Every structure is written in structure tokens, then in C-alpha cells.
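What follows is a single structure, written as C-alpha cells, with notes after it.
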Amino acid sequence: GLNTVFEGLKRTVLDFLSTSPRRVLAISRLTFKEAIRRKALLVFVVFAVLFMFASWFLTGDSHRPGAQMKVYVTFVLTAVSWLVLPVILLLSCWGLPEDIRLRSLHTVVTKPVRRNEVVLGRIIGFSAVGTLILVVMSVTGFVWVQRQVSDETDLTCRVPIYGDLSFLDRLGAP
């Protein structure tokens, strides 16, 4: 039994060493284009609507601008996470069954492509879509927060307060 396990591991390592980067990138490019075709980027519309009307509901606190800044940043981070995660999860979960249903995967499998190349290409493609969505939403959120905060607001994070530390012995001598 141990020989069979080692033979399987050996074949797996050799299979991964003979992976073609060209085929992996071709599959990842195909995955990226299919995600765009499936209207995965419509999440930007929801994101834009949230930002258009967010200032109505996130009321300003003029005497505590630091607290208002925290509310804005929390809103942006929550909106990004709640919109990016479901899109990527749904794309990755429904991507392969949809390719099998539309028979677009059959054209890829007829080529000399290994299974690990298909899986690696899909992972890279979905990661590229997620990165694109995350970058656009992050830049948009940054610009929105900068526009919401007035210019005289000090956006300094926590400022450390340094002190002196000294020790005394039992008699009170330093």
C-alpha cells in the first residue's frame, strides 16, 4: 500500500512540474472574459447606488469629525466586503457547472490540458476578477471618503504619549 501512495505522489509531483504556464494563462484569460460576460461587474451599479445615497443616512456630526470619519470608513469597508465576497463566491461556485451546461469546457478539455492546469487557470481567473472589483471599489471608496470629510478635519491616527519609566527598590531609592 505504501508503494502505491508514493507512486501516486510521484505522478502528482511530476504532473505539477510539467504544468504549462501558457495553458494556465489561457484558461485564466478565458475565465476572466466569461466572468465579464456573465455581468459580474454589475455589482458596481449597486456600489454606486449605495454611495449616491449614503450621505443622506450617514448624518454629519460637526462637533466630532473623528467619529464621523470612523462611520464613513466603516461604511466603505462594510460595503466593499458585502459586495465583493458574494460576487466572487457565486462566480466560482457557478462557473464550472455553467461551463459544463454551455459546453464551453468541452472545447478546452479536448485540447492537451491537464486537470491541474484547468483548476489553476480558473483560480487565477477568478482571482483577477476579484482583484479588479476590489481595486475599483477601494479607489471609489477612498475618493468618496475624501469628499465627505471637510478639509479642516485632522485625520491623524492615534498619537503616542511617551512617558518616563523608573523603578524604585524596597527602600524607595532609584
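General observations
- Heavy-atom accessible area order for Glu7, Glu117, largest first, 1.4 Å probe: Glu7, Glu117
- Rounded to 10°, Cα long-axis angle of helix 65-102 versus longest principal axis of the chain: 10
- Accessible area of the chain belonging to carbon and sulfur atoms, whole % at 1.4 Å probe: 67
- Put Lys70, Lys33 in order of accessible area, highest first, and with a 1.4 Å probe you get Lys70, Lys33.
- Probe 1.4 Å, all protein chains present, accessible-area order of Leu165, Leu96, Leu89, largest first: Leu165, Leu89, Leu96
- The stretch 18-133: relative contact order in percent, alpha carbon pairs under 8 Å with at least 6 residues between: 61
- Alpha-carbon geometry of the chain: the Rg and the Dmax are 26.2, 87 Å, given in that order.
- Neighbours of Lys33 by Cβ distance under 13 Å: Lys/Arg scored +1, Asp/Glu scored -1, total +3.
- The per residue volume of the convex hull around the alpha-carbon atoms of the stretch 70-139 is 84 Å³.
- Cβ-based charge dipole, the chain, positive-most Cα from Cys157, Phe126, Ala26: Ala26
- Counting only residues at least eight positions apart within a chain, or on another chain, the lysines with an alpha carbon under 29 Å from that of Lys33 are Lys111.
- Only one residue of Thr74, Trp94, Val143 has its Cα farthest out toward the positive end of the dipole of the stretch 46-149, where Lys and Arg carry +1 and Asp and Glu -1 on Cβ, and that residue is Trp94.
- Accessible surface for the chain, divided over its residues, is 76 Å² per residue with a 1.4 Å probe.
The values are calculated or read from the model by the stated rules, or taken from the named source; none is laboratory data. Small disclaimer: the values here were computed from a predicted structure and weren't measured. Note that we place each Cβ from the backbone using ideal geometry, even for glycine, and neighbour counts take in every protein chain shown. Just so you know, the surface numbers come from the protein's heavy atoms only, side chains and all, with ligands and any DNA or RNA stripped out. Shrake-Rupley method; radii C 1.70, N 1.55, O 1.52, S 1.80 Å.
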